[in-house]
1. What distance in nm separates the simple spin-label points at Lys198 and Leu151, each placed 7 Å from Cα in the Cβ direction?
2. Please give the FRET efficiency for Val187 paired with Glu34, using the beta carbon to beta carbon distance and R0 = 25 Å, rounded to the nearest 0.05.
3. Using each residue's phi in region 153-169, evaluate 6.51 cos²θ - 1.76 cosθ + 1.60 at θ = phi - 60° and report the 3J(HN,Hα) Karplus result to the nearest Hz, with x for Gly and Pro.
4. 7 Å from Cα along Cα→Cβ at both Leu163 and Ala115: what's the point-to-point distance in nm?
5. May I ask you to derive the FRET efficiency for Ala79 and Gln206 from their Cβ-Cβ distance with R0 = 22 Å, giving the value to the nearest 0.05?
6. Using θ = phi - 60° and the Karplus relation 6.51 cos²θ - 1.76 cosθ + 1.60, list the HN-Hα couplings for region 122-135 in order, rounded to whole Hz, with x at every Gly or Pro.
7. Tabulate in residue order the Karplus-calculated ³J(HN,Hα) for region 201-210, using 6.51 cos²θ - 1.76 cosθ + 1.60 with θ = phi - 60°, rounded to whole Hz; enter x for Gly and Pro.
8. May I ask you to sort Glu42, Glu117 by Cβ crowding, counting other Cβ atoms within 10 Å and putting the fewest first?
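Where a number appears in this text, it was derived from the coordinates with a stated rule and is not lab data. Just so it is clear, the model here is predicted, and its values are computed rather than measured. Because the Cβ atoms are built from the backbone with ideal geometry, glycine has one as well, and the counts that use them run over all protein chains shown.
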Amino acid sequence: MALLVTMVMVLLAALLLSSALRTAWFGELIAGTEVDHQRAFEHAQALLRDAELDIQGLCAGEANRPCRGRDTATLATAAPWFPLRDTKAFVSIHGALSERKPPCLQGICISDGVAPEFWRTPAGELDKMKAVAAHYGEFSGAPSPSTSDPLLAARGWYWVEILPFDLGAPLPSGSEALRPDADSPYVYRITAIAEGRKPATRAVLQSLLVWRKAPP
C-alpha cells in the first residue's frame with residue numbers, strides 16, 4: 001500500500017512538473033512573439049519617418065540636402081521622383097509608372113493598379129510589390145541599418161502613392177488644415193511594412209503627408 005501511495009505521489013509530482021514546464025514554455029513563446037511584434041512595429045514607424053524625409057527631399061540629419069533627383073532628366077534614367085510644386089512633372093511620372101505592373105518604382109507609386117490593402121494579397125503579388133519598394137535610408141541618407149539592425153534593412157519596405165488633390169473639392173468641417181498648398185496639390189499616402197523574425201510577424205502602418213507651407 002505504501003508503495004502504491006508513493007507511486008501515485010511521484011506521478012502527481014511528474015504531472016505538476018510537466019504542467020509547470022509547459023506553462024513556462026508557453027509564457028516564453030508568448031513573450032517572444034510580443035517582442036517580435038513590438039520590434040516590427042518600431043521598424044514600421046522608422047520607415048514612415050524615413051519616407052517622409054524622402055518625400056521632402058531631405059537627408060536625415062542634413063537639412064536642405066536633396067537625396068533624390070527631381071527633374072525630367074532623372075526620369076530619363078528610369079528613376080522617378082516626387083513632384084512637389086510642378087503639376088506637369090506628375091504627368092510625366094504618371095505616364096512612366098502607369099506602364100509598369102505594379103505601377104511603382106523605387107517606392108514611388110501611382111494609385112492606379114495598387115490594391116487598397118495590397119499586403120493582404122497572395123504572397124506572389126506581395127513579392128512583386130516588395131521588389132519595387134524603397135528601403136530604410138535608401139533615399140533619405142539615414143545611416144544604413146545593415147550592421148546595427150539587419151532585420152530593418154532586410155525585412156522593411158515602404159511605398160508612397162502620389163494622390164492628386166482636387167483643390168476645388170469641399171472638405172469636411174474642421175479639416176481645412178489638411179488641404180495642400182495650391183502650388184503643390186498632392187497628398188502622399190505612405191505604407192510601411194516590417195516583418196519580424198517569426199514568419200507570422202508583420203506590422204503594417206499607413207500615414208498621409210500633406211505639403212503645406214509653415215505659417216508666417
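1. In this crude label model, Lys198 to Leu151 measures out at 1.1 nm.
2. Working: r = 34 Å, r/R0 = 1.36.
Between Val187 and Glu34 the formula returns 0.15.
3. Computed from phi, the couplings for region 153-169 are 5, 8, 10, x, 9, 9, 9, 10, 8, 8, 10, x, 10, 7, 5, x, 6 Hz.
4. Distance between the two pseudo-spin positions: 1.9 nm.
5. On the way: r = 25 Å, r/R0 = 1.11.
Computed FRET efficiency for Ala79 and Gln206: 0.35.
6. x, 3, x, 5, 5, 4, 5, 5, 4, 5, 10, 8, 9, 10
7. For region 201-210, the Karplus curve yields 8, 8, 10, 10, 10, 10, 8, 10, 10, 10 Hz.
8. Ascending number of Cβ neighbours within 10 Å: Glu117, Glu42.
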